[in-house]
Amino acid sequence: MDGVTYQRFPTVKIREMKHEYMKFELRETDASIANALRRVMLAEVPTIAIDLVEIESNSSVLNDEFLSHRLGLIPLVSDKAMDMRFSRDCDACDGDGQCQYCSVEFLLNVRCEGDQTLDVTSQDLRSADMAAMPVDFEIGRGFDAGGYDHSNDKKGIIIVKLRRGQELRLRAIARKGIGKDHAKWSPAATVTFMYEPEIHINEELMETLTLTEKLNWIESSPTKVFDIDPNTQQVVVVDPEAYTYDDEVIKKSEAMGKPGLVEIYAKDDSFIFTVESTGAISAYQLVINALEILKQKLDAVRLSDDTQENDEQFGELRQHMGGVS
Amino acid sequence: MNAPDRYERFVVPEGTKKVSYERDTKIINAASFIIEREDHTIGNILRMQLHRDPNTLFAGYKLPHPLQYKIIVRIHTASQSSPMQAYNQAINDLDKELEHLKKVFQAEKIRIENISL
Ligand SMILES: [Zn+2]
């Protein structure tokens with residue numbers, strides 16, 4: 001009311017950013033925010049995917065529904081998905097779901113004439129809308145921030161193989177959707193976060209160990225977290241994030257009769273995220289869109305004015321009646 | 001076919017309120033908020049944000065059943081506040097935090113792009 005706030009101010013550090021991959025640190029917030037962000041990236045950031053297929057002719061070895069399913073799973077460039085309408089609440093086409101505001105039309109028309117097996121791929125999909133092509137179709141996006149040249153791998157995603165005389169003719173409608181509805185709409189390949197570990201070596205106790213004991217102890221960790229400093233022969237932490245919270249070094253210390261050699265905590269306000277996108281949108285855009293969607297979701301759960309007014313009246317009524325019974 | 005609508009899980013049916021409010025009849029300053037078509041994503045961030053409010057004596061949420069697409073957030077506050085006030089405060093604070101995060105992300109992107117140039 002009077003300007004009180006319990007707001008936090010998280011910080012972010014991007015470690016690596018490519019078109020389809022990003023690694024970043026999120027600090028000064030709690031696991032609920034980190035998890036909400038992860039959940040929204042996986043299931044609630046919209047993309048477009050093929051949702052309706054009209055098969056005109058199919059003499060391939062795969063049946064119609066098998067093909068339709070495969071078409072649905074092809075990731076499409078979805079940069080415009082945030083601004084598109086869901087067909088279910090599009091008033092321009094009355095729920096038909098086939099107008100320019102809520103859909104993209106694709107045509108596929110392939111026939112094998114030669115003796116060689118013909119691969120039908122996502123490259124064979126034809127669309128009037130260049131902004132919604134299959135992901136590896138990308139033209140002109142040659143180099144991304146990571147300096148990776150995409151122009152060499154435009155082989156496309158294989159849909160079906162045809163032999164001489166077989167053909168496939170169809171019309172497909174791609175619509176906006178979310179991963180919660182069907183995984184084909186999920187823009188995320190993987191989204192994970194880990195708690196940043198804090199590792200304290202008890203130097204005094206560690207120095208009571210012989211070099212071979214130290215090496216044995218270091219070896220007890222399944223991942224390379226510790227090493228020996230070649231100059232001082234001290235045990236040092238080389239890669240705290242390699243620690244998988246497996247407790248092996250702690251068990252080893254106990255087995256060696258030296259409990260407390262090392263103390264490891266998971267910082268509860270520091271997270272290391274790994275985001276991989278399908279290519280439908282960039283990994284960076286995936287995070288930004290997830291934040292936007294989460295904001296929209298919060299906005300939707302605000303109390304309506306009439307709910308608040310009803311309660312105020314109830315409060316007054318209660319006062320008239322002489323307080324709580 | 002009796003298959004339910006595909007989007008029944010996340011679209012609030014017509015005539016249903018997104019959020020309804022139920023005052024506790026026995027305890028003052030306690031109430032439940034029934035939020036339609038939401039899950040742990042919203043439930044947990046709201047709960048944790050409410051815990052940051054010193055006027056909140058209790059805040060919890062539950063997903064009553066995996067096939068009932070709603071959550072119930074229960075709030076009990078001290079007398080200087082009210083469940084509604086705490087609920088609104090939590091949403092406002094979370095909204096500001098996310099807006100802040102978005103700005104921080106955009107600035108960080110520009111920073112690392114300048115480094116790699
Ligand atoms: Zn439409």
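How far is helix A:31-43 tilted off the main Cα axis of chain A, in degrees rounded to 10, range 0 to 90?
Roughly 20 degrees between the two axes.
If I take all pairs of Cα atoms in the range A:50-129, what percentage of them are more than 16 Å from each other?
Value for the range A:50-129 (Cα pairs over 16 Å): 61 percent.
Students often get this wrong: which residues of the range A:109-127 have the backbone nitrogen under 19 Å from the point 7 angstrom along Cα-to-C-beta of A:Ser57?
Only A:109-121, A:124-126 fall inside the zone, counting backbone N under 19 Å.
What is the spin-label model distance, in nm, from A:Asp306 to A:Asp129 if the labels are put 7 Å beyond Cα along the C-beta direction?
3.5 nm
The range A:162-286: Rg/Rh from Cα coordinates, Kirkwood Rh?
Working: Rg = 24.4 Å, Rh = 18.7 Å.
Using only Cα positions, Rg/Rh for the range A:162-286 is 1.31.
Can you tell me the Rg and Dmax of chain B, counting just the alpha carbons, in angstroms?
For chain B, the Cα radius of gyration and maximum Cα-Cα distance read 18.5, 64 Å.
Determine, from the Cβ-Cβ distance of A:Glu213 and A:Ala189 and an R0 of 60 Å, the FRET efficiency 1/(1 + (r/R0)^6), rounded to the nearest 0.05.
The formula returns an efficiency of 0.90 here.
Distances longer than 20 Å among the Cα atoms of the range A:1-94: what percent of all pairs is that?
On the way: 2799 of 4371 pairs.
Result: 64 percent of Cα pairs exceed 20 Å.
For the protein assembly as shown, place one equal point scatterer on every Cα, skip the solvent, and apply the Debye formula. What is log10 of I(q)/I(0) at q = 0.05, 0.06, 0.13 Å⁻¹?
For the protein assembly as shown at q = 0.05, 0.06, 0.13 Å⁻¹, log10 I(q)/I(0) is -0.27, -0.38, -1.19.
Please list, in order, the residues from the range A:203-226 whose amide nitrogen is less than 12 Å from a point placed 7 Å along the Cα→Cβ vector of A:Lys251.
From the range A:203-226, the list is A:220-222.
Each reported figure results from applying straightforward, stated rules to the coordinates on display, with no laboratory input. All of these numbers come straight from a predicted model, not from anything done at the bench. Counting neighbours? That spans all protein chains shown, and the Cβs are built from the backbone with ideal geometry, glycine included.
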